[in-house]
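The values are calculated or read from the model by the stated rules, or taken from the named source; none is laboratory data. Being a predicted model, the structure only gives us computed values, none of them experimental. Here the Cβ positions follow ideal geometry from the backbone for every residue, glycine too, while neighbour counts run over all protein chains shown. Side chains included, ligands, DNA and RNA excluded: accessible areas come from the protein's heavy atoms. Shrake-Rupley method; radii C 1.70, N 1.55, O 1.52, S 1.80 Å.
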Amino acid sequence: MKITDSQGYDLYGYDGEDFMSLDLKTGTWTEAKPQAGIFIKEWDPTEDEAKHWKRYLENDCIDWLKKFVSYGRETLERKVRPEASVFHKHTPSPEVVCHATGFFPKALNITWQKDGEDVTEDVELNETLPNHDGSFQKRSILKVPAEKLQKHKYTCVVQHSSLEKDLILEVAKDGGQIGVVIGVVVVALLAVVAAVVFWKKRNSGFKPVPPRPSSEGNSSSNNS
């Protein structure tokens, strides 16, 4: 990070409104309210305060700013690649979510493409949120019908300063409904198997063997 251009200002307010400010070109106070003129004459009659703050803003303030930036250079200039993924979300309307997390610095952009062309409609780009480790996360949601996902190629494009080139993730064809159908078929097959086993046992003539009387019970009967 290099400070190539800098500009400061000295502005005072009163009752929530601008009162007076310092003109860095002339080194004099500018009145924002009529009553400010009276105050300036009593507070800075020789304009020594104006000269002091002009000198500070143009020199000392910049030197201190450069020094503080150098102290935090390692943190300010670090770059961490995002981890990105896409997944289907079945709400009342089918959605595809592109989620990026763990990146630094904060600025990151997510866009969508259909067959290589930019998609701007039915897109919801959420705000960037902080993670507990100081990195950030961001997600974008694309509302698209399942039949369009089958016919077209949708991709999520992630842009970040840590990446040499854009990160492109292809959206898989919607498999959520297929999974549900397969699950229903498995449950149906299990029910059929259980019914067949029960029917075979019932019609095989099999009868359970009655419990055999205990020896203690026999001896009691003989003695009587």
**Request:** Multiply the residue separation of Lys33 and Glu127 by 0.36 nm, subtract the distance between their alpha-carbon atoms, and state the gained length in nm to one decimal.
**Result:** 29.9 nm
**Prompt:** For the peptides 83-93, 130-140, 151-161, what is the packing order when you average, over each peptide's residues, the other Cβ atoms within 10 Å and list the highest mean first?
**Reply:** 151-161, 130-140, 83-93
**Message:** If each residue of separation counts as 0.36 nm, what is the full-extension length gain between Glu95 and Glu170 once their alpha-carbon separation is subtracted?
**Reply:** 25.6 nm
**Fill in**
FRET efficiency for Tyr14 and His52 from the Cβ-Cβ distance with R0 = 25 Å, rounded to 0.05, comes out at 0.75
**Request:** Would you mind putting 31-40, 59-68 in packing order, based on average other-beta-carbon counts within 10 Å, highest first?
**Result:** 31-40, 59-68
**Asked** How much of the accessible area of segment 37-144, in percent, comes from carbon and sulfur atoms when a 1.4 Å probe is used?
**Response** 51
**Prompt:** Given segment 14-110, what whole percent of its Cα pairs are spread farther than 24 Å?
**Reply:** 59
**Item:** Low-density loop positions, GluC sites (Glu not before Pro), segment 120-176 - DSSP coil, at most 14 other Cβ in 10 Å
**Value:** Glu121, Glu127, Glu164
**Message:** On a 21 Å Cα-Cα criterion, which of the cross-link pairs Lys79/Lys114; Lys79/Lys153; Lys89/Lys138; Lys79/Lys143; Lys114/Lys143; Lys25/Lys67 come out too long?
**Reply:** Lys79/Lys114; Lys79/Lys153; Lys79/Lys143; Lys25/Lys67
**Request:** Can you work out the accessible area per residue across segment 26-96, with the rest of the protein chains kept in place, probe 1.4 Å, in square angstrom?
**Result:** 74
